[in-house]
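So the structure is just underneath, and the comments pick up after that.
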Amino acid sequence: MSLHDDLSGVRWRKASRSSASGSDCVELAQVAESIAIRDSKAPNGPTLVIDRKTWRATLTQVHRGEHEL
């Protein structure tokens, strides 16, 4: 996936751990073999696109408490 690909047609979903007030919302979308991540308050803002292997490794590290969130 290129940084310049159009993400307007992808199906975004809000992360299940986003706050109930809607103020801290992360949205994810599956794009080919990658995962796109964005802030729902800024849908036209920057989007992080990473491969699935990196996404799984990051989630594992978060679950282990290896990142201060």
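The values are calculated or read from the model by the stated rules, or taken from the named source; none is laboratory data. None of these values were measured; they are calculated from a predicted model. Quick reminder, even Gly has a Cβ in these numbers, built from the backbone with ideal geometry, and neighbours come from all protein chains shown. Protein only, heavy atoms only, side chains kept; ligands, DNA and RNA dropped before computing areas. Shrake-Rupley method; radii C 1.70, N 1.55, O 1.52, S 1.80 Å.
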Give me the pairs: first residue in the range 45-64 and under 14 Å from Val26 (Cα atoms), second residue small (Gly, Ala, Ser) and surrounded by 12 or more Cβ atoms within 10 Å (Cβ to Cβ), beta-carbon distance under 6 Å, and six or more apart or on different chains, which are they? Thr47/Ala36; Val49/Ser34; Val49/Ala36
Residue selected from the range 31-50 under the condition in a loop (DSSP other than H, G, I, E, B) and surrounded by 13 or more Cβ atoms within 10 Å (Cβ to Cβ), by the criterion modelled with the highest pLDDT: Thr47
Is one or more of the residues making up the range 21-30 closer than 24 Å to Ser8 by Cβ and in a helix (DSSP H, G or I)? no
From the set of residues in the range 51-69 that are farther than 16 Å from Ala15 by Cα and not in a helix (DSSP H, G or I), which is most open to solvent (accessible area, probe 1.4 Å)? Glu68
